[in-house]
1. Neighbour counts of other C-beta atoms within 10 Å: give me 248, 555 arranged from fewest to most.
2. Just how large is the dipole of the stretch 385-459 about the Cα centre, in debye to the nearest 20, putting +1 at every Lys and Arg Cβ and -1 at every Asp and Glu Cβ?
3. Could you sort the peptides 116-122, 667-673, 472-478, 413-419 by per-residue average Cβ neighbour count (10 Å cutoff), highest mean leading?
4. Computed FRET efficiency, Cβ-Cβ of residue 529 and residue 509, R0 45 Å: what is it to the nearest 0.05?
5. Take peptides 491-503, 617-629 and line them up by average Cβ neighbours within 10 Å, highest first, as a rough protection proxy.
6. What is the distance in Å between the Cα centres of the stretch 696-718 and the stretch 209-243?
7. What does the charge dipole of the stretch 2-258 about its Cα centre add up to, to the nearest 20 debye, if the Cβ of each Lys and Arg holds +1 and the Cβ of each Asp and Glu holds -1?
8. Can you flag which of 70/718; 337/399; 395/707; 70/182 are past 26 Å Cα-Cα?
Amino acid sequence: MKKHVFLVFFALTFVGYSQKKSNDLKSSDMSLVEVIVAAGISSGVSTFSDDSYAGNGSYVELSSAYYFSKIGIGISLGSFSNPTESNLLDFANQAAYPIALNSEEWKTSYYGIGPNFRTTIGSLETTIFGRAGLMSIQPISLEGNFIAENADVSTTVPVYNFNTNETSSVGFYTAGVRLGYKVNPNLGLHISANYMSAFSDGIIAQDGRKQFTDIDKDGLITEIDIIRQDGEQVEFQYTEKNIKPQVFNYGFGLSYSFGKRTIKIGGAEKPYARGQSNPYFVNNEMVGEMMSANPDGSSGNGNNEGIKNVYVGKNRISVALTNPSKEEAKQKDQQVKLINVLPKNNSNYKNTNEIGSFNWKIIGSKIPKPNYIIEVTKLNNVKQPQRSYASQTSKNSIKATTLFKDDKLSDGNYSWKVTETSTGISSNPSYFTMTQCEIDFTIANEEIECLGYEQENRKFKICFDVTYASTSGDLTFVNPGTGLSVYDQTYASLSYTLVSPNPTLVTQIGATTSTVSYCFEVTVSASVTAIGFGLQGDDLDPSPITCQPGVSQLFDDLPDCICDECEEIELSFDEFNITPNLGTGNQFNFNGNINVNVPIYGIEFQVQSYTYSASPSACSDGVSSVEESGMILMPGTTINGSTSLQLTNETASGSPSSNDNATKNIKYTSNSPLTGAIPVNLTIGLPGPISGLDPSCCVMEYTVCIKVKVFYEESNCKSCVFTHCFTFNNQ
């Protein structure tokens, strides 16, 4: 029994370790179907061994499983046999007279069905499985005879009889673990161990024994007593025994796997790749690649299999469902970006002449006739704006004297950023300090990671290094208003907690250069899109001259926080068509079905981004109204056939141009679970040809990316996010 316990302990330890590693490492693709043949030792345990003499025998099993993800459903068909000779001999040896035995094997066949859970580490694979079903036990008959021999003749006297009269069927259950090694993607070797037991002791056995009299009064029943009593004439005394088959099976086997996980894309299927795509969390959502539309029918990457084309007039669209973090990273790599160049972040200056000029650059496609607005803002100790300077230019730089004119910048901390007005893109803010002191104070190695959710709020951990040196004094944090400040995109203060390696701010000596590492944790709501932080030291100069060291940094690209529950949730867009809305040139109906593999209680759509181009370029004025800026429009939009939708719109300004029926975000909720195909029609406004121009004379190319959030709890507190991009034109 000790070896059984040890094997179970080893198996469970390996399962726990492999599950942890599978959450830390990129998972390999898993097959849909697995067929296994196994054989080994079957050991009778508990009352099956003690009361019915079942010993160590053998078993053979054929099983198969179908996996939906890590979870699957399996069936098993097998048999095991347990000889009785060894345990029956132990019984015979207890008698004071010789007994000749006639033994048989317990023979049992079974079939069952139940769940599988599978996880992998590289080529190693662990499977936990359970089954329930029926087992059939063949009848058995065991005998023990006393053979009396004398000079003339030998006499056989039956003294023991154990039998079941008929084949019995009982329910059973089994639970076990299988540890495997993949020789190649299809073939594997494994060892396994499982415990199998009938649900009840419903098998009735007759246990018959003869009761002999101790004639010679020596305290033992010996062969002399049996002969003197004419043992053949003594009747058997029978008792009923309830038998419950229980065995521990362990052995080895071969497995063969085939089929790959697929997702449905436009009514067709595409191999489903599982793996880590978020650098902050192990998360396996739908992974795909956005393809470009090609007139010749190619999917855009040389592979025109696995994706069903969706037609919009003459358009052929390759549609892909992607992991949001991967898709967003790809879009960010492709989109136009504004990058601040000079002044470098956290630079120090004594006057505006030292600044020289503000410089920035464009990464990505060239912007025709760009127009830039540069904003410089003086910040107080808690990063709230005190004064702003702004100027426009069509160049990628502007002199500081042009921006500030004759104003002399007072000592303190400043932020600056650039916005291109025709596209609306902005650079991340950079910071600099005006001071009369010699201070070298910088931030480096800044990192941010999401620690998960606290109810609907996200919890982030930010770490950074600060390097300080100054001939004017040491970096201390004593006076009010100094220390670490954390804020959001509107400079509203955020509560935080300093954590290891330094849960308190550390004094740094100015005479030598030193570096200190800090980390803090901050919990923010969904409305927070950026997190900034600043470190402000005490004034180093007691005179009216301000000599206060400070540095700042901003994360305006927060990492995704994806729940582990989203790992098994899959979503597909089926048969989506894009058609002009009522013949308009600037509205399109996105119509089709959304399918989710689990019941959901709500679904939300958000226009995440859109791009467009016109050929010839002069045939479109671009965005001429808010309704054409990638807005979801009512009343044409419906979800699950309903127009009772929740939408976020702009009403605070009180502007007469506001449209309460235009939104970037729309949501449908249900009191009962939604299953199967969910019909969706999104009417989306986009820039179109010039009013009155024949659309056939103006080819508009569009890419619209829609973020879909599904709520899988009735309270609508837990959700998973998917991203879907459409590429099409107006022809």
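None of the figures in this text is laboratory data; all of them are computed from the coordinates on show. Computed from a predicted model, the values in this text were never measured in an experiment. Note that each Cβ is placed from the backbone with ideal geometry, even for glycine, and that neighbours are counted across all protein chains shown.
1. 555, 248
2. 480 debye
3. Packing proxy ranking, top to bottom: 413-419, 116-122, 472-478, 667-673.
4. So, using R0 = 45 Å, E works out to roughly 0.75.
5. Those peptides, ordered most packed to least, come out 617-629, 491-503.
6. Each part's Cα centre sits 87 Å from the other's.
7. So the magnitude is around 2120 debye.
8. Long pairs (Cα-Cα over 26 Å): 395/707.
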